[in-house]
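Note sheet for the following structure.
The values are calculated or read from the model by the stated rules, or taken from the named source; none is laboratory data. Just so it is clear, the structure is predicted and the values come from calculations on it, not from any experiment. Methodologically, a virtual Cβ is constructed for each residue, glycine included, from the backbone with ideal geometry; neighbour enumeration extends over all protein chains shown.
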Amino acid sequence: MAYCSSLGLSGTLFPGALYAEAAQVAEEADDPVITTDIIKHAEAVAGLSFDEEEREMMVDDLNDRLEDFEAIRALKMPNEVPPALGFQPQMVGPAPPPDDGPLDWSPPEVTRPASDEDLAYLPVTQLSGLLRSGEVTATELTELYLRRLKRYDGKLNAVITYTEERARAQAAAADEELANGSYRGPLHGIPWGAKDLLAVEGYPTTWGAEPYREQTIDHTAAAVRKLDEAGAILIAKLSLGALAWGDVWFDARTNNPWNLDQGASGSSAGPGAAVAAGLVGFAIGSETLGSIVSPATRNGVTGFRPSFGTVSRDGAMVLSWSMDKLGPMARAAEDCALVHDALRGADPADPVTVEAGFPFAPRTDVTTLRVGYLQQSFEAEYGNTAADAQTLDVLRDLGVTLHPMTLPNDVPAGPIVATLWTEAAAAFDDLTRSGGIDTMVRQTRDAWPHVFRTARFMPAVEFIQLNRARTLLMERMRDTMADVDVLVTPSFIGGTLQVTNLTGHPCVCVPNAFHPVDASGTSPRRSPGSITFVGQLYGDAAALQLARAYQQATDFHTRRPPLV
C-alpha cells in the first residue's frame with residue numbers, strides 16, 4: 001500500500017469509471033476485481049507505463065480501495081455537500097475590501113407612462129420611483145407581469161412554475177408597507193423571476209431536468225430570502241437548460257424574443273428571455289462558464305456575474321463548488337447593481353462567501369477609472385467587430401483613457417476547465433450511477449450525460465494538478481489587472497470568459513448591437529451583440545459604473561424585441 005500511495009496510483013490509475021468496469025469482471029469470476037490487464041489499460045489514462053512485476057505488486061492494494069469507495073458511495077451525499085477543498089480566489093490577492101454598508105441610493109422622480117406596455121419595460125430604477133411615489137402599486141405591477149408571462153410564454157417557454165399565491169401575498173404586504181411609509185429599499189414591490197435551480201419552499205425545484213421534474217425541496221434559497229427581505233416579489237420560476245446547460249429543458253426549448261426560431265441560449269435561458277420580453281422587472285441567473293453572459297447576449301439584456309463568493313449559493317443547485325456564481329439579469333447595469341446590493345454578503349451556509357465592500361455610486365466620474373482593453377481581440381474579425389469598436393469610441397467620447405492590454409497566455413485556461421466537468425460529475429454521482437442521466441433530453445457529446453460519464457476517467461492526481469495550474473492562472477490575472485480598474489473585452493473573443501470564470505473576476509455584459517437576421521434588413525428580427533466589462537476581483541462596483549456610463553450614452557439597453 002505504501003508503494004501505491006507514494007505514486008498516487010490508487011486514485012490516479014482508477015477513477016470511478018475504471019472501478020465500475022472492473023466490477024463487471026468480478027461478476028463473472030471469483031478472481032480479484034482489479035487485474036493486471038486492467039492496470040495495463042488504465043496506464044494510458046494516467047500517462048504512465050509499468051512492467052508486469054510492478055502491476056502484480058499493485059493488484060492487492062487497488063482491490064482494497066474498492067471497499068473504501070463503496071463505503072463512501074453508501075453515504076448518499078446530497079448535491080449541495082461541498083468538498084473539504086475550497087476555492088478561495090483571494091488566496092493570491094487582493095483581499096475583499098471592507099463592507100461599507102448599503103448603497104446610498106434613492107429612486108428618481110418618474111412619471112407613470114401612458115401604457116402598460118411602456119410600464120412593463122421600465123428599468124428597476126424607474127419602477128422603484130413609481131412605487132415609492134405611489135403612482136404604481138406592487139399589486140398592479142405583479143398582475144401586469146403575470147398577465148404578460150401568460151400571454152407570451154406560449155411563444156417563449158420561459159416559465160416552469162408560477163408562484164402566484166406567494167406573489168400576491170407579497171404584493172399586498174408591500175403595498176401596505178409602502179402606504180404606511182415603511183420603505184425597504186429600491187427593490188420594494190418589484191416583481192422578479194428566479195432561475196429554477198433556486199429552491200423555494202412549497203414549490204417544485206426542477207433544475208430543468210427530467211429526473212427532477214417532480215422534485216420539491218423543503219428549503220428556500222438564501223438569494224430568494226434576501227430578495228424577500230428587500231421587498232421584491234417572486235412571480236415565477238424560470239427555465240434553465242437541463243442541469244444548467246443549453247436552452248433545452250425537460251419540457252421545451254426556451255426561445256429568443258428577438259428571433260423565435262432561435263433558442264434563448266443557456267443555461268439562464270428563462271431569465272434572459274423573460275427580462276428581454278418585459279415579463280419581469282429583473283431575474284436571477286447563474287453562471288459557471290458563461291450561463292449569464294451567453295443568454296444576456298442572445299436576448300439583448302444586461303447580465304452581471306459578481307466576484308466569486310460575494311453572493312451565497314445556499315439553496316441553489318450545485319454544478320461546481322469552485323465556479324458557480326449567482327447574479328442578476330436586468331434591463332440596465334444600474335438595475336443589476338441594486339439587485340446585487342441586496343444579495344451580497346457572507347453566509348455561514350455557503351462557506352466560500354465573503355463580506356466585500358460594494359461602493360457603487362451611479363454618478364461616479366468614470367474618467368477617474370483606469371480602463372484597459374484587449375487590443376488584439378478588438379482587431380480580430382468576428383460578427384460583432386464593428387459594434388465593439390464603436391463601443392470603444394463611445395468610451396473615449398466620455399473622456400475615458402483606454403490602455404491596450406493582453407491576457408496572460410503562459411498558463412492554458414482550456415485544460416483547467418476540466419475541473420468543472422469533474423466537480424459536476426461528483427455533484428451528480430448518484431444520478432449517473434442510478435441511470436437517471438439516461439432520461440435527460442439531450443444525449444449529445446455537448447451535454448451532461450456524456451460529460452458525467454467521461455469525467456469518471458479523470459485521474460485524481462491530474463485533477464489536483466489542474467487546480468495547481470489554476471492557482472498560477474489566478475496569479476497571472478491578478479498581475480494583469482493590477483494597473484486597471486476595468487478591462488473592456490469582446491464577450492466571446494480572446495478567452496476572457498473562460499479565464500475570468502476560473503479566476504473569479506466579476507463582469508458586466510451589456511448589449512451593443514442588434515444585427516439584422518436577413519440580408520435585406522426588412523425583418524423585425526434581430527441578432528443582439530454584446531460587450532463585456534471585467535472588474536478587478538471584488539471590484540464589481542467599478543465594472544458596473546463604467547457599464548452604466550456606457551448605457552447612459554447609448555440606447556441599446558432600451559430596445560424591445562419583436563416577439564415574432
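Being out of contact with any Ser or Thr (no Cβ under 9 Å at 6 or more places or on another chain) and of a type outside the set (Asp, Glu) is the filter; apply it to the range 396-408 and report the residue that is farthest from Val488 (Cα to Cα).
That would be Arg396.
Please specify each residue of the range 207-266 satisfying the condition of being of a type in the set (Val, Ile, Thr) and in contact with a strand residue (DSSP E or B) (Cβ under 6 Å, 6 or more places away or on another chain).
Correct list: Thr216, Val224, Ile233, Ile235.
Asp446: more than 20 Å from Met77 (Cβ to Cβ), of a type in the set (Asp, Glu), under 21 Å from the mean Cα position of the chain (by Cα) and outside the structural domain of Cys507 (by TED's automatic domain parsing), yes or no? Answer is yes for this residue. Put simply, of Arg433, Arg456 the only residue that is within 18 Å of Glu210 (Cα to Cα) and basic (Lys, Arg) is Arg433.
Looking only at residues in the range 272-308 that are among the aliphatic types (A, V, I, L, M) and part of a strand (DSSP E or B), the one that is nearest to Pro506 (Cα to Cα) is Ile284.
Rundown of residues vs (1) among the small types (Gly, Ala, Ser); (2) touching a helix residue (DSSP H, G or I) at 6+ places or on another chain (Cβ under 8 Å); (3) under 24 Å from Trp249 (Cα atoms); (4) crowded, with 17+ Cβ neighbours inside 10 Å, yes/no style:
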| site | (1), (2), (3), (4) |
| --- | --- |
| Asp393 | no, no, no, no |
| His403 | no, no, no, no |
| Asp410 | no, yes, no, no |
| Leu420 | no, no, yes, yes |
| Phe428 | no, yes, yes, yes |
| Pro449 | no, yes, yes, yes |
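If the condition is being of a type outside the set (A, V, I, L, M) and within 21 Å of the chain's Cα centre (by Cα), then the range 192-208 contributes Trp192, Gly193, Lys195, Asp196, Pro204, Thr205, Thr206, Trp207, Gly208.
Listed here are the residues, each with its yes/no results for (1) assigned to a loop (DSSP other than H, G, I, E, B); (2) hydrophobic (A, V, I, L, M, F, W, C); (3) at pLDDT 90 or above.
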{"residue": "Ala26", "(1), (2), (3)": "no, yes, no"}
{"residue": "Asp30", "(1), (2), (3)": "yes, no, no"}
{"residue": "Glu56", "(1), (2), (3)": "no, no, yes"}
{"residue": "Phe69", "(1), (2), (3)": "no, yes, no"}
{"residue": "Asn79", "(1), (2), (3)": "yes, no, yes"}
{"residue": "Leu85", "(1), (2), (3)": "yes, yes, no"}
{"residue": "Trp105", "(1), (2), (3)": "yes, yes, yes"}
{"residue": "Thr111", "(1), (2), (3)": "yes, no, yes"}
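Can you confirm whether Gly86 is of a type outside the set (S, T, N, Q) and either surrounded by 14 or more Cβ atoms within 10 Å (Cβ to Cβ) or over 29 Å from Lys237 (Cα atoms) (or both)? Answer is yes for this residue.
Could you identify the single residue in Ala169, Ala179 that is without any contact (Cβ under 8 Å) to a residue 12 or more places away in the chain, assigned by TED's automatic domain parsing to the domain that holds Leu279, surrounded by fewer than 18 Cβ atoms within 10 Å (Cβ to Cβ) and hydrophobic (A, V, I, L, M, F, W, C)? Before you say what the answer is, go through the steps one by one.
Numbers: Ala179 fails: without any contact (Cβ under 8 Å) to a residue 12 or more places away in the chain.
Result: Ala169 is the single residue among Ala169, Ala179 that is without any contact (Cβ under 8 Å) to a residue 12 or more places away in the chain, assigned by TED's automatic domain parsing to the domain that holds Leu279, surrounded by fewer than 18 Cβ atoms within 10 Å (Cβ to Cβ) and hydrophobic (A, V, I, L, M, F, W, C).
Candidates Val394, Val339, Val352: the one that is farther than 16 Å from Phe533 by Cβ, among the β-branched types (Val, Ile, Thr) and either more than 23 Å from the chain's Cα centre (by Cα) or outside any helix (DSSP H, G or I) (or both) is Val352.
Return a yes/no flag: does the range 301-315 have any residue that is surrounded by fewer than 24 Cβ atoms within 10 Å (Cβ to Cβ), of a type outside the set (Gly, Ala, Ser), in contact (Cβ under 8 Å) with a residue 40 or more places away in the chain and out of contact with any strand residue (DSSP E or B) (no Cβ under 9 Å at 6 or more places or on another chain). Checked the range 301-315: no residue is surrounded by fewer than 24 Cβ atoms within 10 Å (Cβ to Cβ), of a type outside the set (Gly, Ala, Ser), in contact (Cβ under 8 Å) with a residue 40 or more places away in the chain and out of contact with any strand residue (DSSP E or B) (no Cβ under 9 Å at 6 or more places or on another chain). For the condition in the same structural domain as Gly272 (by TED's automatic domain parsing), more than 30 Å from Lys150 (Cβ to Cβ) and modelled with pLDDT of 95 or more, Thr503 qualifies. Of the helices (runs of 4 or more DSSP H) lying entirely inside the range 451-564, those containing at least 3 residues that are farther than 23 Å from Ala424 by Cβ and not hydrophobic (A, V, I, L, M, F, W, C) are 460-480, 540-552. Mind listing whichever residues of the range 467-493 are within 17 Å of Leu289 (Cα to Cα) and surrounded by fewer than 18 Cβ atoms within 10 Å (Cβ to Cβ)? Asn467, the sole residue that qualifies.
State which residue is surrounded by the most Cβ atoms within 10 Å (Cβ to Cβ) when the search covers only the range 249-271 and only residues that are assigned to a loop (DSSP other than H, G, I, E, B) and in contact with a helix residue (DSSP H, G or I) (Cβ under 6 Å, 6 or more places away or on another chain).
Of all residues in the range 249-271, those assigned to a loop (DSSP other than H, G, I, E, B) come to 249-252, 254, 257-258, 264-268.
Add one more test, that the residue is in contact with a helix residue (DSSP H, G or I) (Cβ under 6 Å, 6 or more places away or on another chain), and what stays is 250, 254, 257, 264-265, 268.
Numbers: Phe250: 18, Thr254: 34, Pro257: 30, Ala264: 32, Ser265: 23, Ser268: 36.
That would be Ser268.
If the condition is being within 25 Å of the chain's Cα centre (by Cα) and either part of a helix (DSSP H, G or I) or among the β-branched types (Val, Ile, Thr) (or both), then the range 153-166 contributes Asp153, Lys155, Leu156, Val159, Ile160, Thr161, Thr163. Within the range 399-415, residues that are assigned by TED's automatic domain parsing to the domain that holds Asp388 have Cβ atoms under 8 Å from residues that are in a strand (DSSP E or B) and aromatic (Phe, Trp, Tyr) in these pairs: Leu402/Tyr373; His403/Tyr373; Pro404/Tyr373; Met405/Tyr373, counting only partners at least 6 apart in sequence or on another chain.
Applying a threshold of 7 Å to beta carbon distances and a minimum spacing of six or more residues, or different chains, the list of pairs starting in the range 107-123 at a residue that is more than 16 Å from Arg147 (Cα to Cα) and ending at one that is of a type in the set (S, T, N, Q) and modelled with pLDDT of 95 or more reads Pro107/Thr125; Pro107/Ser128; Pro108/Thr125; Pro108/Gln126; Val110/Gln126.
Scanning the range 87-103 for residues that are aliphatic (A, V, I, L, M) and assigned to a loop (DSSP other than H, G, I, E, B) yields Ala95, Leu103.
Residues Ala274, Ala221: which one is surrounded by 24 or more Cβ atoms within 10 Å (Cβ to Cβ) and over 28 Å from Asp555 (Cβ atoms)? Result: Ala221 is the single residue among Ala274, Ala221 that is surrounded by 24 or more Cβ atoms within 10 Å (Cβ to Cβ) and over 28 Å from Asp555 (Cβ atoms).
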